[in-house]
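Remarks on the structure that follows.
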Amino acid sequence: MPLALLALAVGAFGIGTTEFVMMGLLPEVANDLHVSIPTAGHLVSAYALGVVIGAPLLAAVTARMSRRTVLIGLMALFVAGNALSALAPDHHWLVAARFLSGLPHGAFFGVGAVVATSLAAPERKARSVSLMFLGLTVANVAGVPVATLMGQHLGWRATFLGVSTIGLAAMASLALLIPRAEAHAAPAAGLRGELAALRPLPVWLALGTTVAGFGALFAAYSYVTPMLTDAAGYAETSVTLLLALFGVGATAGNLLGGRLADHALRGTLFGGLLSLAAVLGLFPLMMSAAWSAALAVALLGMAAFVTGSPLQLMVLEKASAAPSLASSANQAAFNLANAGGAWIGGLALAAGFGITSPAVAGAGLAVLGLGVAGVAYAVDKRRGAPRVERERVVAGRVPERGEAVRR
């Protein structure tokens with residue numbers, strides 16, 4: 001494994017920790033800043049909004065800069081946002097700081113995915129992406145629980161100072177370990193050319209698959225705590241450990257998806273979405289007993305994250321002329337899935353369909369994702385477009401006219 005992937009994983013670990021830790025610290029933050037829990041919940045939304053806006057925007061405006069410089073700069077912005085979060089004097093300032101913290105999230109993963117694939121052999125592209133995302137999934141296993149405990153015992157401000165320290169470590173790792181080949185400016189066609197690369201229908205179908213597929217995950221995961229306590233009978237004190245099981249499943253699924261996608265990208269995507277639909281469809285039954293509920297949480301993480309690397313590479317393949325922007329746009333799609341999935345799951349609960357109904361709604365979204373992926377496959381076949389060699393796509397290089405490609 002190239003050491004540069006370790007640097008990317010450290011950055012991903014810090015980003016994953018700060019993204020999810022706020023959910024566990026909402027009571028402490030609300031009490032300290034004298035606001036209600038629902039009002040403190042705006043801090044989660046502010047971060048997600050920063051991701052959605054920052055992902056395509058920062059990727060586009062930095063398109064002519066070297067990817068190594070961009071990654072270090074994005075991590076510096078991440079450090080600033082978390083340090084300002086720790087120093088925020090009131091709720092309004094903290095909302096602004098959380099928005100700032102979210103801005104570099106999508107662009108970091110987007111540009112990082114392009115760098116990760118450029119460092120790997122042609123037959124290991126998906127695995128290299130999964131190793132970068134390993135930092136994100138490990139954050140759910142270790143980073144978030146530890147950061148939550150730190151916030152509960154030392155104060156929530158200490159948590160964000162700790163995350164800032166992780167960001168500084170990531171900056172140093174990126175500066176030391178990213179090869180000099182990535183220090184040169186990447187070829188770019190300018191902002192207009194970058195945006196033009198996102199216009200084709202296959203690009204939007206790939207992004208739509210991401211929104212539907214991960215919307216399925218968040219429709220259920222957003223309400224997994226009340227499912228575990230009200231349906232499965234777990235005590236609230238056990239939920240943190242159970243959510244760590246989700247992280248273990250996500251880590252395993254991420255690594256498995258990267259390995260399988262190097263052999264059959266589209267087959268892995270279809271298989272992952274089908275597995276996700278099946279797991280979510282079985283959630284009401286599995287939540288009827290404690291042991292099966294724990295298994296369901298782990299399987300949910302595994303089934304969802306099997307699709308992570310294939311989705312990232314598919315978007316790169318469809319928008320090969322603007323890989324950083326396309327990859328970052330896919331990260332914005334992940335966060336739209338977060339917000340949209342949670343909203344749809346909430347509608348199922350509000351309609352009175354039962355505590356496990358968000359999982360059933362998620363199963364429907366997974367089926368929708370399968371449908372969108374199927375349409376994308378049909379469009380590719382109808383157009384008869386040759387499949388670009390993955391090693392050229394991820395490096396941001398489009399084959400010359402008449403150059404041989406393989407299916």
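Considering the conditions (1) open to solvent by less than 10 Å² (accessible area, probe 1.4 Å); (2) modelled with pLDDT of 90 or more; (3) over 25 Å from LEU316 (Cα atoms); (4) not hydrophobic (A, V, I, L, M, F, W, C), GLY162 is excluded by exactly one of them, (1). Inspect the range 62-82 for any residue being under 16 Å from VAL29 (Cβ atoms) and out of contact with any Pro (no Cβ under 8 Å at 6 or more places or on another chain) and give the result as yes or no. Looking through the range 62-82, at least one residue is under 16 Å from VAL29 (Cβ atoms) and out of contact with any Pro (no Cβ under 8 Å at 6 or more places or on another chain). The helices (runs of 4 or more DSSP H) found wholly in the range 1-108 and carrying at least 3 residues that are under 19 Å from GLY143 (Cβ atoms) occupy 3-33, 42-61, 67-87.
Against the criterion of being farther than 30 Å from PRO200 by Cβ, open to solvent by 50 Å² or more (accessible area, probe 1.4 Å) and part of a helix (DSSP H, G or I), VAL360 qualifies.
Scanning the range 98-134 for residues that are polar (S, T, N, Q) and over 17 Å from LEU260 (Cβ atoms) yields SER101, SER118.
Beta carbons closer than 6 Å, at least 6 apart along the sequence or on distinct chains, pair a first residue in the range 118-147 that is open to solvent by less than 20 Å² (accessible area, probe 1.4 Å) with a second that is modelled with pLDDT under 80 for LYS125/ARG390; LYS125/VAL394; SER128/ALA120. Against the conditions (1) touching a Leu at 6+ places or on another chain (Cβ under 7 Å); (2) of a type in the set (A, V, I, L, M, F, W, C); (3) open to solvent by 40 Å² or more (accessible area, probe 1.4 Å), PHE108 satisfies every one except (3). Restricting attention to the range 45-62, and to residues there that are of a type in the set (Gly, Ala, Ser) and surrounded by fewer than 24 Cβ atoms within 10 Å (Cβ to Cβ), which single residue is nearest to the chain's Cα centre (by Cα)? Among them, the one singled out is ALA48. Of all residues in the range 1-44, those satisfying the criterion of being within 17 Å of the chain's Cα centre (by Cα) and open to solvent by 10 Å² or more (accessible area, probe 1.4 Å) are ALA9, VAL10, PHE13, GLU19, PHE20, MET23, VAL44. Within the range 265-277, the presence of at least one residue that is touching a residue at least 12 places away in the same chain (Cβ under 8 Å), closer than 22 Å to GLY346 by Cβ and open to solvent by 10 Å² or more (accessible area, probe 1.4 Å) is confirmed. Go over the candidates LEU256, LEU282 one by one and state the one that is of a type in the set (A, V, I, L, M), over 17 Å from PHE133 (Cα atoms) and open to solvent by 50 Å² or more (accessible area, probe 1.4 Å). That would be LEU282, the only listed residue that is of a type in the set (A, V, I, L, M), over 17 Å from PHE133 (Cα atoms) and open to solvent by 50 Å² or more (accessible area, probe 1.4 Å).
Condition check for THR117 on (1) within 18 Å of the chain's Cα centre (by Cα); (2) at pLDDT 85 or above; (3) more than 19 Å from LEU25 (Cα to Cα): one failure, at (2).
Against the definition (farther than 22 Å from VAL144 by Cβ, buried (at least 22 other Cβ atoms within 10 Å of the Cβ) and among the aliphatic types (A, V, I, L, M)), how does MET287 come out, yes or no?
Details: farther than 22 Å from VAL144 by Cβ: yes; buried (at least 22 other Cβ atoms within 10 Å of the Cβ): yes; among the aliphatic types (A, V, I, L, M): yes.
So MET287 passes the test.
Can GLY247 be described as surrounded by fewer than 24 Cβ atoms within 10 Å (Cβ to Cβ) and in contact (Cβ under 8 Å) with a residue 12 or more places away in the chain? It is false that GLY247 is surrounded by fewer than 24 Cβ atoms within 10 Å (Cβ to Cβ) and in contact (Cβ under 8 Å) with a residue 12 or more places away in the chain. Residues being within 24 Å of TYR221 (Cα to Cα), hydrophobic (A, V, I, L, M, F, W, C) and open to solvent by 40 Å² or more (accessible area, probe 1.4 Å): count how many of those fall in the range 148-159. Residues that pass the stated criteria total 2. Each residue in the range 235-244 was checked for being open to solvent by less than 30 Å² (accessible area, probe 1.4 Å) and over 21 Å from the mean Cα position of the chain (by Cα), and 1 pass.
Among the residues in the range 53-66, are any within 19 Å of ALA12 (Cβ to Cβ) and without any contact (Cβ under 8 Å) to a residue 40 or more places away in the chain? Within the range 53-66 (the criterion being within 19 Å of ALA12 (Cβ to Cβ) and without any contact (Cβ under 8 Å) to a residue 40 or more places away in the chain), the answer is no, since none of the residues qualifies. Selection of the range 309-323 for residues being modelled with pLDDT under 75 and either closer than 17 Å to ASP380 by Cα or in a helix (DSSP H, G or I) (or both) yields ALA319, SER320, PRO323. Kindly check whether there is at least one residue in the range 73-88 that is over 19 Å from the mean Cα position of the chain (by Cα), farther than 26 Å from LEU154 by Cβ and modelled with pLDDT of 90 or more. Looking through the range 73-88, at least one residue is over 19 Å from the mean Cα position of the chain (by Cα), farther than 26 Å from LEU154 by Cβ and modelled with pLDDT of 90 or more.
Just for the range 176-234: of the residues that are farther than 30 Å from VAL297 by Cα, open to solvent by 40 Å² or more (accessible area, probe 1.4 Å) and among the charged types (D, E, K, R), which one is modelled with the lowest pLDDT? The extreme case among them is ARG192.
Based on what the data block shows, is GLY102 modelled with pLDDT under 90, crowded, with 24+ Cβ neighbours inside 10 Å and in contact with a helix residue (DSSP H, G or I) (Cβ under 8 Å, 6 or more places away or on another chain)? Working first, answer last.
Values: modelled with pLDDT under 90: no; crowded, with 24+ Cβ neighbours inside 10 Å: yes; in contact with a helix residue (DSSP H, G or I) (Cβ under 8 Å, 6 or more places away or on another chain): yes.
Against the criterion (modelled with pLDDT under 90, crowded, with 24+ Cβ neighbours inside 10 Å and in contact with a helix residue (DSSP H, G or I) (Cβ under 8 Å, 6 or more places away or on another chain)), GLY102 does not qualify.
Among the residues of the range 333-346, at least one is more than 24 Å from VAL129 (Cα to Cα) and not small (Gly, Ala, Ser).
The values are calculated or read from the model by the stated rules, or taken from the named source; none is laboratory data. The structure presented is a predicted model; accordingly, all values stated were derived computationally and were not measured. When we count neighbours, we look across all protein chains shown, and the Cβ atoms used for this are built from the backbone with ideal geometry, even at glycine. Just the protein is used for accessible areas: all its heavy atoms, side chains included, with ligands, DNA and RNA removed. Shrake-Rupley method; radii C 1.70, N 1.55, O 1.52, S 1.80 Å.
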